[in-house]
Amino acid sequence: MEKKNLDWENMGFDYMQTDKRYVSNYKDGKWDDGALIDDANIVMNECAGVLQYAQTVFEGLKAYTTESGKIVTFRPDLNASRMVDSARRLEMPVFPEERFVDAVAEVVKANAAYVPPYGSGATLYIRPYMFGINPVIGVKPADEYQFRIFTTPVGPYFKGGAKPITICVSDFDRAAPHGTGHIKAGLNYAMSLHAIVTAHANGFDENMYLDSATRTKVEETGGANFIFVTKDNKVVTPHSSTILPSITRRSIMYVAEHYLGLKVEERDVYFDEVKDFAECGLCGTAAVISPVGKVVNHGEEICFPSGMEKMGPITQKLYDTLTGIQMGHIEAPEGWIKVIE
């Protein structure tokens with residue numbers, strides 16, 4: 001398929017409407033067959049459950065053009081599984097995992113002209129989401145739901161290379177024990193908006209959230225997991241029941257151990273030990289890894305030895321290896337790459 005005539009190299013990380021999106025409706029206890037449609041607009045009642053009580057969950061993944069010219073997605077089965085967990089936590093019907101993966105492939109194939117060419121640095125971002133759509137005025141789950149997937153081409157998250165960022169320890173709590181921090185629900189992101197606007201207003205790029213129970217342990221940022229590298233090159237990531245299980249983070253830890261031969265550890269990370277790490281990064285779908293150069297805790301600065309000019313050496317190896325797998329330079333573990341036929 002001929003690609004759209006777009007300025008791929010200068011794209012931002014913004015929404016651009018593409019030709020097709022996938023829609024399936026849940027009514028009377030079952031999902032319909034689903035279909036690709038042209039209309040990007042959603043019509044719903046003013047009292048729809050999602051508008052009243054924020055009953056919505058979502059996912060995010062990407063499609064790439066590899067060096068060989070194939071269009072692929074990265075581990076969509078894990079996105080499907082995570083959406084199942086999110087839906088169950090918010091008393092929503094599960095969209096079957098196999099249908100999720102097939103729908104992702106279907107909508108990517110239908111919008112293949114928008115998948116950026118290899119080497120452009122751009123990708124096709126894929127957003128599956130589900131929400132309660134029938135009128136709900138009492139506080140209870142909706143009875144009817146809509147599952148949708150749209151796509152949008154996006155530019156590289158970092159233009160001109162990934163420069164280390166400066167983050168601050170937030171005074172706000174991201175998630176409570178036994179709350180919803182471990183699922184990808186819209187409400188988790190809504191509560192983070194004030195915190196991130198505040199951080200930006202104070203000159204910081206992101207927040208570091210501590211656990212709300214003791215405020216002694218590192219959790220995550222508003223939309224990414226942390227990875228740390230010790231001075232003896234061990235890769236460490238925080239463990240917590242209120243952290244979103246990032247697919248990128250899980251992949252990075254596997255790459256660290258099985259491709260780079262590094263020791264890895266998922267455990268409680270106390271804020272007091274952050275100063276002792278050699279490198280720090282934020283990991284997620286959008287940027288893969290965002291290097292962190294400095295953490296500021298109410299005026300007290302923690303500067304990592306990796307500095308403010310470039311990724312640390314271990315972080316760079318992790319980034320290069322994972323993106324190499326995604327782009328087809330490096331052989332992927334079985335099942336990680338789904339080719340869109």
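The values are calculated or read from the model by the stated rules, or taken from the named source; none is laboratory data. Note that the structure is predicted; figures quoted are calculated from it, not measured. Note: ideal-geometry Cβ built from the backbone for every residue, glycine included; neighbour counts use all protein chains shown. Protein only, heavy atoms only, side chains kept; ligands, DNA and RNA dropped before computing areas. Shrake-Rupley method; radii C 1.70, N 1.55, O 1.52, S 1.80 Å.
Pairs meeting the criteria (first residue in the range 156-172 and open to solvent by 80 Å² or more (accessible area, probe 1.4 Å), second residue at pLDDT 75 or above and among the aromatic types (Phe, Trp, Tyr), beta carbons under 7 Å, at least 6 apart or on different chains) are TYR157/PHE13. Taking strands (runs of 3 or more DSSP E) as the structural unit, those lying wholly within the range 224-341 and holding at least 1 residues that are within 26 Å of ASP14 (Cα to Cα) and either open to solvent by 30 Å² or more (accessible area, probe 1.4 Å) or in contact (Cβ under 8 Å) with a residue 12 or more places away in the chain (or both) correspond to 225-229, 279-284, 288-297, 337-339. Restricting attention to the range 160-197, the residues that are over 19 Å from the mean Cα position of the chain (by Cα) and of a type in the set (D, E, K, R) add up to 3.
Scanning the range 44-60 for residues that are outside any helix (DSSP H, G or I) and of a type in the set (Ser, Thr, Tyr) yields one hit, THR56. I'd like to check something: does the range 72-82 contain any residue that is of a type outside the set (Asp, Glu) and at pLDDT below 95? No, the range 72-82 contains no residue that is of a type outside the set (Asp, Glu) and at pLDDT below 95.
All but one of (1) over 20 Å from the mean Cα position of the chain (by Cα); (2) open to solvent by 30 Å² or more (accessible area, probe 1.4 Å); (3) more than 27 Å from THR323 (Cα to Cα) hold for TYR118; which doesn't? Tallying (1) over 20 Å from the mean Cα position of the chain (by Cα); (2) open to solvent by 30 Å² or more (accessible area, probe 1.4 Å); (3) more than 27 Å from THR323 (Cα to Cα), TYR118 fails exactly one: (3).
Would you confirm whether or not the range 57-77 contains a residue that is over 21 Å from LYS338 (Cα atoms) and either touching a residue at least 40 places away in the same chain (Cβ under 8 Å) or open to solvent by 70 Å² or more (accessible area, probe 1.4 Å) (or both)? Yes. Annotation: of all residues in the range 8-37 being more than 14 Å from THR152 (Cα to Cα) and in a loop (DSSP other than H, G, I, E, B), the one that is least open to solvent (accessible area, probe 1.4 Å) is GLY34.
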